[in-house]
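Presented below is the structure to which this report refers.
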Amino acid sequence: MSLLSSGAATIGLLIVSNVLMTFAWYGHLKLQNMGISTHWPLIVVILFSWGIAFFEYLFMVPANRIGYIENGGTFSLMQLKVVQEVISLSVFTIFVIVFFKGEALHWNHFVAFGLLVAAVFFAFLESK
């Protein structure tokens, strides 16, 4: 697998993984909001979320294996983590906008995203 394709595969897998994890972590809140899981015991909510998280791991683990530079991938561990965090917050923001209409984006959120872009920039600088 070429570096470009391993990088693209890693990012694609991380996106799918983070969509699933966002639903595992926050989807139950939307189900509660809709009246679906309002009366579920907490243990059922936890097991429901774990069920989704199982599938998340089917994408996250291969993303890290494929993307890690020592396995022939594109990214160092620090780069993998920073990329994953940016993807995670991007997916979360889209999730909130689509499923939780009462949540609003404010100027400080945009500043935070700008700082994340800066974090990616600095994580990919060559250190010598």
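The values are calculated or read from the model by the stated rules, or taken from the named source; none is laboratory data. In this text the structure is predicted, and so the values were computed from the model without any measurement. Neighbour counts are summed over all protein chains in view; Cβ atoms, including those assigned to glycine, are modelled from backbone coordinates with ideal geometry.
Tabulated data for the structure shown
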| quantity | calculated |
| --- | --- |
| Near pairs, Cβ below 6 angstrom, 6+ apart or cross-chain, from region 15-34 (modelled with pLDDT under 95) to any residue that is among the charged types (D, E, K, R) and surrounded by fewer than 16 Cβ atoms within 10 Å (Cβ to Cβ) | none |
| Matching residues in region 34-49 - criterion: being part of a loop (DSSP other than H, G, I, E, B) and loosely packed, with under 12 Cβ neighbours inside 10 Å | Met34, Gly35, Ile36, Thr38, His39, Pro41 |
| Matching option when the condition is small (Gly, Ala, Ser) and under 28 Å from Phe121 (Cβ atoms), among Ser37, Ser49, Ser6 | Ser6 |
| Any pair with Cβ under 6 angstrom, 6 or more apart, that starts in region 93-106 at a residue that is within 20 Å of Gln32 (Cβ to Cβ) and ends at one that is modelled with pLDDT of 85 or more and assigned to a helix (DSSP H, G or I) | Phe95/Thr22; Phe99/Lys30; Glu103/Val96 |
| The lone exception for Ala104 - which of (1) more than 19 Å from Asn18 (Cα to Cα); (2) among the aliphatic types (A, V, I, L, M); (3) at pLDDT 90 or above it fails | (3) |
| Hits in region 63-75 - residues which are in contact (Cβ under 8 Å) with a residue 24 or more places away in the chain and either surrounded by fewer than 16 Cβ atoms within 10 Å (Cβ to Cβ) or assigned to a loop (DSSP other than H, G, I, E, B) (or both) | Gly72, Gly73, Thr74 |
| Unmet criterion (only one of (1) of a type in the set (Gly, Ala, Ser); (2) more than 21 Å from Ser5 (Cα to Cα); (3) in contact with a Phe, Trp or Tyr (Cβ under 9 Å, 6 or more places away or on another chain)) for Gly67 | (2) |
